[in-house]
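Q: I have a structure I would like to understand better, so I am pasting it below and will then ask my questions one at a time.
Nothing in this text is a laboratory measurement; each read-out follows from the coordinates by a stated rule. Computed from a predicted structure; not experimentally measured. Here the Cβ positions follow ideal geometry from the backbone for every residue, glycine too, while neighbour counts run over all protein chains shown.
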Amino acid sequence: MGEVPLNDLGRGVAALAPALRSAIDDVLTSGWYVLGPQHDAFEREFAAAVGAGHCVGVGNGTDALELALIGVGCRPGDEVVTAANAGMYTTTAALKAGLVPRFADVDPATLLLTAATVEPVLTPSTRAVAVTHLYGRLADVGPLRELCRSAGVALVEDCAQAAGAVGTDGPAGSLADAAAFSFFPTKNLGALGDGGAVTTGDADLAARLRSLRQYGWSAKYTATLPHGRNSRLDELQAAVLRVRLPHLAGWNARRREVVARYAEVLGEGPRRMVHGRDAASPAHVGHLAVMTTPHRDADRAALAAAGIRTDVHYPVPDHRQPVLAGTTGGVSLPVTERAAGQVLTLPCFAELTDAEVDRVCDALRLL
Ligand SMILES: Cc1ncc(COP(=O)(O)O)c(C=O)c1O
């Protein structure tokens, strides 16, 4: 019996190999490799899928976050409020843009930012709040939007883990001033390399983003906007994403099933799935199947002995990252810090077989 992998990208590629090969072949023969017809079609199709007026393809999800923050008006020295339990991506983007990250704690039940956790961290220097739909579960964006509106700050969604999630007020990517997506291969909608996008309902912001992703040009060879760079989604990745996008809803449904099975086995005891209660909700797309356990090292070892691969998302909170040493010493985030010692990620991807899910469930029962 082999191991149950945390993820296996090869299976997803194999399942669609003829369509992917044909799409790649079309790009090879088209003579367009960057910002061509595949890219334009993907931007239109993804904007429609997300229910946003505009989609701007960029090079990766971290650039998408950085450009979204600059696009909504953040300037060097401004503060951005974000969570510290989401893998350092928003913080990396903020630091790159010369912004100051301010960390809010997360809700103990969902490990997501809420209006109640963000509000105490806002200051007169706050220019934006960035909310991550962690592990593929939509945050409660409505109250955050209200809070940001009354404070006069922008709201940015990090949808890297939540492509296809739909809440009561709309899909991930349509809920804030701007939203960042990653198409890194492990994402629910993944490319075969790096890729990303920003979605927004604001046509002026979309135009600024198109300029920022290409040297700050207002016209070819005329750099007008500050903070421009080169960050574009190439034709090959756009073509791959166009093949995959129609499958996203089905894959997300399977991911929900997997998380629901684990949640059923663990229940609500000392070990439980972080988003178990919402596992079947359309607002959850099971990007990562994360449990919490007071005995992580022992549980990881027992699962490894049973041939189950696991990982930790994420072991080091942003405010404890070495790169921020000396700047965040006084920051205390009790929920975030406790969770960093207890989260454990189980195998979850659309092509995981029933037999593999059964094996994980059997091993969970023995913990
Ligand atoms: C929540 C989150 N935000 C942002 C990113 C950054 O995306 P990328 O790796 O494409 O830069 C990732 C994934 O890597 C992510 O999981």
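Q: Given q = 0.12, 0.13, 0.20, 0.21 Å⁻¹, what are the Debye log10 I(q)/I(0) values for the stretch 287-341, with equal point scatterers placed on the Cα positions and solvent ignored?
A: Treating every Cα as an identical point scatterer, log10 I(q)/I(0) equals -0.37, -0.43, -0.81, -0.85.
Q: Dipole of the stretch 9-245 (Lys/Arg Cβ +1, Asp/Glu Cβ -1, origin at the Cα centre): which of PHE183, ALA162, THR29 lies farthest to the positive side?
A: Of PHE183, ALA162, THR29, it is THR29.
Q: Sticking with this structure for a sec: Where both residues lie in the chain, what percent of DSSP beta bridges are antiparallel, nearest 5?
A: Working: 23 of 41 bridges.
For the chain, the DSSP antiparallel bridge percentage is about 55.
Q: Another question, then. Where the only charges are on Cβ atoms (+1 Lys, Arg; -1 Asp, Glu), what is the dipole of the stretch 230-305 about its Cα centre, to the nearest 20 debye?
A: Working: 12 positive and 8 negative charges, 15 e Å.
Value, rounded to 20: 80 debye.
Q: Let me ask another. Give me the dipole magnitude in Debye, nearest 20, for the chain about the Cα centre, with unit charges on the beta carbon: positive for Lys and Arg, negative for Asp and Glu.
A: Working: 33 positive and 39 negative charges, 64 e Å.
Here the size comes out at about 300 debye.
Q: Using 0.36 nm per residue of separation minus the Cα-Cα distance, give me the extension gain between VAL243 and ASP107 in nm, one decimal.
A: Numbers: separation 136, 0.36 × 136 = 48.96 nm, distance 3.68 nm.
The VAL243-ASP107 span can extend by a further 45.3 nm.
Q: For the chain, what does the relative contact order come out to in percent, with C-alpha contacts under 8 Å and a separation of six or more? Let's see the in-between values first.
A: Numbers: 779 pairs, mean separation 79.8, N = 367.
This gives 22 percent for the chain.
Q: If you don't mind, another one. Quick one: in the chain, what % of C-alpha pairs are over 32 Å apart? Intermediate values should be presented prior to the final figure.
A: Values: 21038 of 67161 pairs.
Value for the chain: 31 percent of Cα pairs lie more than 32 Å apart.
Q: Ok, one more. What is the extension gain from SER125 to TYR33, computed as 0.36 nm multiplied by their sequence separation minus the C-alpha to C-alpha distance, in nm to one decimal?
A: Values: separation 92, 0.36 × 92 = 33.12 nm, distance 4.16 nm.
Full-extension gain reported as 29.0 nm.
Q: Now, a different point. Place +1 on the Cβ of every Lys and Arg and -1 on the Cβ of every Asp and Glu in the stretch 248-366, take the dipole about the Cα centre, and give the residue among GLY276, GLY286, VAL335 whose Cα lies farthest towards its positive end.
A: Towards the positive end, the residue furthest out is VAL335.
Q: Something else: Just want the ordering: HIS275, HIS313, from fewest to most Cβ atoms lying within 10 Å of their own Cβ. Show your work: numbers first, answer last.
A: Details: HIS275 29, HIS313 17.
With the sparsest Cβ surroundings first, the list reads HIS313, HIS275.
Q: With a 10 Å Cβ neighbour count serving as the proxy for reagent exposure, in which order, fewest first, do MET273, MET1 appear?
A: The order, fewest Cβ neighbours first, is MET1, MET273.
Q: If you build the Cα gyration tensor of the stretch 248-366 and take the root of 5 times each eigenvalue, what three semi-axes come out, in whole angstrom, biggest first? Kindly include the intermediate steps, with their values, before the conclusion.
A: On the way: eigenvalues 150, 59, 33 Å².
Output for the stretch 248-366: semi-axes of 27, 17, 13 Å.
Q: Kindly identify the stretch 122-241 as rounded, prolate or oblate by the Cα gyration tensor criterion: order the square roots of the eigenvalues as a ≥ b ≥ c, call it rounded if a/c is under 1.5, otherwise compare a/b with b/c, prolate if a/b is larger, else oblate. Walk me through the intermediate numbers first.
A: Working: a/c = 2.31, a/b = 1.15, b/c = 2.02.
Note, shape of the stretch 122-241 comes out oblate.
Q: Kindly put ASP278, ASP297 in sequence by how many other C-beta atoms sit within 10 Å of each C-beta, fewest to most. All intermediate terms of the calculation are to be shown ahead of the outcome.
A: Details: ASP278 20, ASP297 10.
Taking fewest neighbouring Cβ atoms as first place, the list is ASP297, ASP278.
Q: Need the full-extension length gain, ALA203 to TRP217, defined as separation in residues times 0.36 nm minus the C-alpha distance. One decimal, nm. List each step's numbers first, then the result.
A: Numbers: separation 14, 0.36 × 14 = 5.04 nm, distance 1.68 nm.
Answer, rounded to one decimal: 3.4 nm.
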